[in-house]
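We did not get these values from a lab; they are worked out from the coordinates using the rules stated. Keep in mind the model is a prediction, meaning the values are calculated, not measured. Here the Cβ is made from the backbone with ideal geometry for all residues, glycine too, and neighbour counts use every protein chain on show.
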Amino acid sequence: MGTSLAEVYDPVLDEWKPLPSMSTMRYKCAGISRQGKFYVVGGFARRGNTDTHQGPYIMERSSAEVYDPERDTWNYIARMWDLDVSPNQIVNVDDKLKCMEGTY
């Protein structure tokens, strides 16, 4: 099952704190920190404003949600990951997001 919920760990207090929910419910996605923000990329997703008859989830593998801790908001980015497959693992190398399938 997918989720749009997110939490952040506070090592000083040794506890998890809830973040605002993403606008997209996802599963089988990848997440990574970059430039002080947190990216959740690809996977199978269902947008809250999508009315579809394709089943409970549609593939939005090229989309992402980016959390900005200064604004405490998520931003949806359509076609961020312009590949047909979702990254299973993603890493930040020289300030670029990379996986075996490509680079952003």
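Details
- With both labels modelled 7 Å from their Cα along Cα-to-Cβ, the residue 3 to residue 37 distance reads 2.3 nm.
- Residue by residue, the stretch 6-22 carries 3J(HN,Hα) couplings of 8, 9, 10, 8, 9, x, 5, 8, 6, 8, 8, 10, x, 9, x, 6, 6 Hz when phi is fed to the Karplus relation 6.51 cos²θ - 1.76 cosθ + 1.60 (θ = phi - 60°); x denotes Gly or Pro.
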